[in-house]
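Novice: Got a structure for you, questions after.
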Amino acid sequence: MPTQIEGDLVAGDHQFAIVVSRFNEFITEQMVDGALDTLERHGVDTEAAVTVVHVPGAREIPVVAQRCARSGTYDAVLCIGAVIRGATDHFDYVCSGVSSGTQQAAMDTEVPVIFGVITTDTIEQAIERAGTKAGNKGRDAAAAALEMANVMDQLPG
Ligand code: INI
């Protein structure tokens, strides 16, 4: 049996940053609420162990996520945003910037940067993913952050 490494969904003494965009805040607020509730349910003292940073739009998430990750203060950074397609191709630029930027932040810092940014064609699809019939992607991001913080603790290097 090879050595297995996997992360439990437990708080430990980890610190988390949540970077959330105000654009489409009707949606993103619900996602942050879901993320905080999930962290609490897994034992995180959100007052002591979570910092929420607000940014204007999803395009601004990566630079702040990278600063948080690089600080050495946080064990995982959750990025929460909602990009909803409009009449122009602006959507594509925002999606590609936030996706590659958050990935780059993780690779540059070796801190998990969790992609809790929904990208949808319609407002209805976004609502479905922010606490209605398709769950809450903020909760999923919180679970991924807990798991990854615990995986990273066990890795060499
Ligand atoms: N920002 C979002 O977070 N979601 C969107 O749907 C969106 N759209 O569609 O335009 C959006 N645009 C703003 C962008 O993220 C920046 O804040 C802006 O371009 C300033 O840099």
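Novice: Across segment 144-157, which residue is surrounded by the most Cβ atoms within 10 Å (Cβ to Cβ) among those that are over 13 Å from the mean Cα position of the chain (by Cα) and over 19 Å from Q103 (Cβ atoms)?
Specialist: Within segment 144-157, the first condition is being over 13 Å from the mean Cα position of the chain (by Cα), and the residues that meet it are 150-157.
Remaining after also requiring over 19 Å from Q103 (Cβ atoms): 150, 153-154, 156-157.
Working: N150: 20, D153: 12, Q154: 11, P156: 4, G157: 4.
That would be N150.
Novice: Let me ask another. Which condition does G86 not pass, out of (1) under 25 Å from Q15 (Cβ atoms); (2) at pLDDT below 95, if it passes all the others?
Specialist: The number of the failed condition is (1).
Novice: Please specify each residue of segment 16-35 satisfying the condition of being touching a Ser or Thr at 6+ places or on another chain (Cβ under 6 Å) and under 22 Å from D153 (Cβ atoms).
Specialist: A17
Novice: Inspect segment 124-135 for any residue being acidic (D, E) and within 20 Å of V151 (Cβ to Cβ) and give the result as yes or no.
Specialist: Taking segment 124-135 first, the residues acidic (D, E) are 124, 128.
Those still in the list that are within 20 Å of V151 (Cβ to Cβ) too: none.
No: zero hits.
Novice: Let me ask something additional. Within segment 86-138, how many residues are within 13 Å of N24 (Cβ to Cβ) and among the β-branched types (V, I, T)?
Specialist: Within segment 86-138, residues that are within 13 Å of N24 (Cβ to Cβ) and among the β-branched types (V, I, T) number 9.
Novice: Being surrounded by fewer than 20 Cβ atoms within 10 Å (Cβ to Cβ) and outside any helix (DSSP H, G or I) is the filter here; which residues of segment 121-143 pass it?
Specialist: D121, T122, G131, T132, K133, A134, G135
The values are calculated or read from the model by the stated rules, or taken from the named source; none is laboratory data. Note that the structure is a prediction, hence the values are computed from the model and not measured. Neighbour counts run over all protein chains shown; Cβ positions are idealised from the backbone, glycine included.
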